[in-house]
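The values are calculated or read from the model by the stated rules, or taken from the named source; none is laboratory data. A quick note: this is a predicted structure, and the numbers were derived from the prediction, not measured. Glycine gets a Cβ as well: all are built from the backbone with ideal geometry, and neighbour counts include every protein chain shown.
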Amino acid sequence: MSVLHFLGTAWSFEPWAVIFALALIASYAALPGSRLNGKSLLFASGIFLMVLALVSPLDYLGRNYLFSAHMVQHILLLLVIPLMLLSGIPEKAAEKALALPIAGGVMKFLGNPIPAWLLGVGSMWVWHMPSLHDTVMKNENLYIAQQISFVLTGVIFWWPVFAPVKSGRLAPLAATLYLASACLGCTILGMLITFAGAGLYPAYANPADPAGILSYIRNDLCITPGVDQQIGGLTMWVPGCLIYLAASMVTIARWYASPEPDTVNIPAGEGSIAKAGSYVRD
């Protein structure tokens, strides 16, 4: 099979992916006050990218041939797509939704930085445990659960930093530390995978080659199981941390762009309230 033929035919219709996408769209449409605007376009783009990641040749390669392709998919599902979905939620619609007892109670707990961080970083560590990973590759239901959990935990992870409701966001310095610690966790796991001996994930050592492209991957592209594992580890390590870094820069830029307070309190004896940078003398 030629590369072009593979890229044209290795698409799969995954009913669960379509149902999940429709469920997210329905949830978005049910938000009080939601309407078509720039944010809804961003949300729709996140849905489109999610479906693309789950039905395209990237998914086929990740399930049958390359750990590195699987890792690219996971980075998209855990870090990129959830951020697009969250950024596409209008603030007023989110405020009305969070005013509901169930939604407000759930996000009050899950949106707390500690559980959010544990879910976001922990999902990457847990799902990439070699024994569990190989079990997932052999079990369709577990595979579906893994992919869906990446998107949901990704949204929860980003909530303390990019929540649609500004009151739900961490202060800029705390948000930067939150993201830096997540980057550290991603780096450690990426390094462990990169420098571990070949065969950490046996499912990719001798794949069944259903599409007949294994010889091309091994001989023409020179992607051996060891190289594939190293690429996968580096994908988690470098691009993953660059996403955290970019998010930190956005947070810092948002901090500097925020307006200065118009007034400051002056200690008793020097005046009451004066404009910033000036003193009112008694």
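Data for the structure
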{"quantity": "Check on Gly104, in contact with a Leu (Cβ under 7 Å, 6 or more places away or on another chain), over 21 Å from Ala205 (Cα atoms), in a helix (DSSP H, G or I) and of a type outside the set (D, E, K, R)", "calculated": "yes"}
{"quantity": "Pair list, Cβ under 9 Å, 6 or more apart: the stretch 5-29 residue touching a residue at least 12 places away in the same chain (Cβ under 8 Å), other residue in a helix (DSSP H, G or I) and hydroxyl-bearing (Ser, Thr, Tyr)", "calculated": "Phe6/Tyr60; Phe6/Tyr216; Ala10/Tyr60; Trp11/Tyr60; Ser12/Tyr60; Tyr28/Ser40"}
{"quantity": "Positions within the stretch 194-220 being closer than 30 Å to Thr9 by Cα and loosely packed, with under 14 Cβ neighbours inside 10 Å, in sequence order", "calculated": "Gly199, Pro202, Asn206, Ala208, Asp209, Pro210, Gly212, Ser215, Asn219, Asp220"}
{"quantity": "Some residue of the stretch 87-104 being under 30 Å from Ala10 (Cβ atoms) and either modelled with pLDDT of 95 or more or surrounded by 19 or more Cβ atoms within 10 Å (Cβ to Cβ) (or both)", "calculated": "yes"}
{"quantity": "Any pair with Cβ under 8 angstrom, 6 or more apart, that starts in the stretch 117-143 at a residue that is of a type in the set (Lys, Arg) and ends at one that is at pLDDT below 95 and surrounded by 15 or more Cβ atoms within 10 Å (Cβ to Cβ)", "calculated": "Lys138/Ala203"}
{"quantity": "Flag if Ala97 is assigned to a helix (DSSP H, G or I), touching a helix residue (DSSP H, G or I) at 6+ places or on another chain (Cβ under 6 Å), free of Cβ contacts under 8 Å to residues at least 12 places away in the same chain and farther than 19 Å from Ala21 by Cα", "calculated": "no"}
{"quantity": "Residue in the stretch 1-22 that is surrounded by the fewest Cβ atoms within 10 Å (Cβ to Cβ), counting only those that are more than 23 Å from the chain's Cα centre (by Cα) and in a helix (DSSP H, G or I)", "calculated": "Leu4"}
{"quantity": "Pick from the stretch 23-80, criterion of a type in the set (S, T, N, Q), modelled with pLDDT under 95 and part of a helix (DSSP H, G or I), ranking: nearest to Ile193 (Cα to Cα)", "calculated": "Asn64"}
{"quantity": "Selection count, the stretch 157-193, where residues are crowded, with 18+ Cβ neighbours inside 10 Å and without any contact (Cβ under 8 Å) to a residue 60 or more places away in the chain", "calculated": "4"}
{"quantity": "Among residues of the stretch 196-252, those that are touching a helix residue (DSSP H, G or I) at 6+ places or on another chain (Cβ under 7 Å) and among the acidic types (Asp, Glu), counted", "calculated": "1"}
